[in-house]
1. Mind listing just one residue for me: the one in segment A:104-148 that is among the β-branched types (Val, Ile, Thr) and touching a residue at least 24 places away in the same chain (Cβ under 8 Å) and, of those, farthest from B:ASN214 (Cα to Cα)?
2. I'd like the full set of residues that are facing chain A (nearest Cβ under 7 Å), in a helix (DSSP H, G or I) and among the aliphatic types (A, V, I, L, M), limited to segment B:205-224.
3. Of a type in the set (Phe, Trp, Tyr), on the phi < 0 side of the Ramachandran plot and part of a loop (DSSP other than H, G, I, E, B), is that true of B:PHE179?
4. Quick check: anything in segment A:409-416 part of a loop (DSSP other than H, G, I, E, B), at pLDDT below 90, in contact with a helix residue (DSSP H, G or I) (Cβ under 8 Å, 6 or more places away or on another chain) and surrounded by fewer than 22 Cβ atoms within 10 Å (Cβ to Cβ)?
5. Within the set of pairs 6+ apart or on separate chains, which have a first residue in segment A:358-381 that is within 14 Å of A:LYS412 (Cβ to Cβ), a second that is surrounded by 13 or more Cβ atoms within 10 Å (Cβ to Cβ) and basic (Lys, Arg), and C-beta atoms under 6 Å apart?
6. Take the residues of segment A:432-462 that are closer than 23 Å to A:GLU489 by Cα and modelled with pLDDT of 85 or more: which is surrounded by the fewest Cβ atoms within 10 Å (Cβ to Cβ)?
7. Report, by residue number, each residue of segment A:118-173 that is more than 12 Å from chain B (Cβ to nearest Cβ), over 28 Å from A:ILE199 (Cβ atoms) and outside any helix (DSSP H, G or I).
Amino acid sequence: MGDVLVLMEGIDKSFPGVHALDHAQFELRAGEVHVLVGENGAGKSTLMKVLAGIYSKDAGRIMYQGNEVEIHSPRAAQHLGISMIHQELNLMPHLTLAQNVFIGREPRQGVRFMLDEKKLNAQTQALFDSMRLKLDPRTKAADLTVAKQQMVEIAKALSFNSQVLIMDEPTAALTETEIEELFHIIRQLRDKGVGIVYISHRLEEFQHISDRITVMRDGRTIDTVQTKEVTIDRIISMMVGRTIFEQAPEVPEHPSAEIVLEVKNLNRGSAIKDVSFNLKKGEILGFAGLMGAGRTEVARAIFGADHVDSGEVYLGGKRAHIKSPEDAVKSGIGYLSEDRKRYGLALGMNVGANMVLASFKKFLTGLGLVNAGKVQTNGQHYVEALSIKTPSLQQRVKNLSGGNQQKVVIGKWLTADTNILIFDEPTRGIDVGAKSEIYRLLNDLAQQGKSIIMISSELPEILRMSHRIVVMCEGRITGELAAGEATQEGIMKFATQRGGIVDLSEPATDSGVGQG
Amino acid sequence: MAAIETTTAGVKRSLFHSDATQKLLAFAGLIVIFVVFSIASPNFFSFENIVGILLATAVNGVLALGVTFIIITGGIDLSVGTVMTLSAVMTGVFVTYWGMPIPVGVVAGLLTGATAGLCNGLIIARMRVPPFIATLGMMMIARGLSLVISGVKPIYFNDTPIYRQLTMGSVVGTVIPGFAIPNAVFILFGAALVAAFILGKTVLGRYDIAIGSNEEATRLSGVNVANWKTAIYALGGVFSGLAGVMIASRLNSAQPALGAGYELDAIAAVVIGGTSLSGGEGTILGTIIGAFIISTLTNGLRIMSVPQEWQMVVTGAIVILAVYLDVVRRKRQ
């Protein structure tokens, strides 16, 4: 590790109603990978957005390479050599990669307002070559996978000759192979003396990549520690402010053998290839696989949200023709999207109203008016049954935390009398503390006889929760494992068959996972 | 080897990529309309009638060029029609009332349009009023100002007969006798070339697409989005100003009550030409084809003695059809 690059002291920042940062501290040295962790809303992203010039601080000071600096805009940050890669991808899909990388700094021709496209492409090619990225600068950004777009964002950040590179949850959408490629590039940069801030929720990644860890909670900096000297349990307890134990994987008891859902030879283009499986009553069936393996596509197809080319679905042994989500709900199937805010909830509506959205007819009076009393009773029931933390049923759902929002969605599907629940990434974006509550809830539901399909990219979650595990890769089911015999390695073997985009053939500093 | 593969992939991509297919589709539509009308009416496919169509496209086409830039940002401009009229009135005031030379009048018209566009841009980018509302307001303001300034009566260019020649004369006709295509048509093509150059080769065009593609990302990349957006609306205003100068010349007068409804034809041309209302993509060639489709339809239906009321119904249906085809095609991809 080198000299101190960035020193942030006593940083304060308030938004209407929220004290986002409360005397936060942060130190970054040259040539280190510094992981910043904390629960949702702990202030990690806010602190880094202050450093990147996106938010202005209310109080405190920032020292950069020994001098106090004021960073008023993203552009000012870039000039200093501070770049941030955001959680949401920030590319312009209609522009080419080259146009994206050099947006705002396009090489011009003799006349100032004219672009020099040739030079633009050449510069980008050189940049990609230096990162050993196999990408054509003239491709449109929209045509790339999320992982490749991420690499382009890193390339863009590097093109500023950044000394400080901030990555906000860079691996959220990446596969294991792609994460390894990302880490490879991060290590290269570190060795060149770049200071890297890495915001993440994935605790298991830290030890692979980081030199130091700073933990934040409630807008405050709790501590900065050497990665080598701490355990994950210690980090978690610093994050949540109490000690919670990640329970050892417990395999729930064997479900009864009655098959409630059977899918035969489901096909759709290249997204779903000949998928067949069954789901038993009271069973949690884990769907493992990498991002883009086709798990969500299968779920949406069963739910009638997307059409299929061919295939049959049987419910309780009888052939079912589900052509729309409406049909699916009538047949007792509920789908809980990974993107709750977009597909699962009416954010502006209150808790009670959201619960009855999927079964509105049951809450109408003879005249077609809404029976407010019934809505109230139903809401009350599920708020208690699922222990949803909300001041009242009148609270708007957008003001709830991620975990409680997820519970409202679950309440909605239970209200609709669904027997088959498809959970797509049920704990994405949910705090460590709230996760175990969701797990317990899933177990309870299964024990009550509901059948659950759980799609998850987090292997520990899959291993801990599932009775059986189906693994998908590139639209196919490549393996099925019983809970007892499944291991992370076993699942990954079935799940990885994809080639990489970074050329790792030259001697790398350290590469853990080989290319599949 | 790899290079060849990339090139063929590139060609394939550009052929089947949305912009190109939509343009092909629109162009094929134009041809079909031409063929149908030619069969239906012997009067349709004549030199004079085609010149008539070209001339009828000129003003709407120029308006549509400006609107293209604005719709690519994901915005909309409802004020182009009445701003066009205001520009025509200002040109009339300068040339007829104040006796200024014609070039000064033309510049005054262009500047009027630019100013109105600049106001639109500032209201949208700085005051953060949604484009629909901001330009709706500007539409009414420009209409009102046109009536106030002109005293609610037309301003004629009878003292300056040369002004009418600006669009209705034919430089080509004097060079090649018998080939009397009016200047207005060449002004349209010239304006289209300039627009295509701006969109494809300049910084303004690049940021136009970038803003429409992902405004927040563009802002975070250090681009001053507010300023560029303002510039784009001002550019749209310049095209409205040019349309005003042209229509005043064509009618030999500035008609202050004219203009409302022109914005709809212009937006329709842009949309038929494949520019996405959600922003990020669009082409000048598409817009020009779209403008030709609208004027060819109007012309053909008139020749077939379809009443004007029904012409509107058909044009409306075509707009919906064009966008529907685009939706279907996108869904397939």
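The values are calculated or read from the model by the stated rules, or taken from the named source; none is laboratory data. Only a predicted model underlies this, so the values are computations on that prediction, with no experimental measurement involved. Cβ coordinates were reconstructed from backbone atoms using ideal geometry, including for glycine residues, and neighbour counts include every protein chain displayed.
1. Of segment A:104-148, the ones among the β-branched types (Val, Ile, Thr) are A:111, A:124, A:139, A:145-146.
Remaining after also requiring touching a residue at least 24 places away in the same chain (Cβ under 8 Å): A:124, A:139, A:145-146.
Numbers: A:THR124: 20, A:THR139: 17, A:THR145: 17, A:VAL146: 16 Å.
If we take residues in segment A:104-148 being among the β-branched types (Val, Ile, Thr) and touching a residue at least 24 places away in the same chain (Cβ under 8 Å), then A:THR124 is farthest from B:ASN214 (Cα to Cα).
2. B:ILE209, B:ALA210, B:ALA217, B:LEU220
3. Yes: the conditions hold for B:PHE179.
4. yes
5. If the second residue must be surrounded by 13 or more Cβ atoms within 10 Å (Cβ to Cβ) and basic (Lys, Arg), the pairs left are A:ALA358/A:LYS412; A:PHE363/A:LYS374.
6. A:TYR439
7. Answer for segment A:118-173, where residues must be more than 12 Å from chain B (Cβ to nearest Cβ), over 28 Å from A:ILE199 (Cβ atoms) and outside any helix (DSSP H, G or I): there is none.
Quick grid of which residues meet (1) away from chain A (no Cβ under 14 Å); (2) surrounded by 24 or more Cβ atoms within 10 Å (Cβ to Cβ):
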site	(1), (2)
B:PHE239	yes, yes
B:ALA269	yes, yes
B:SER276	no, no
B:ALA291	yes, yes
B:THR296	yes, no
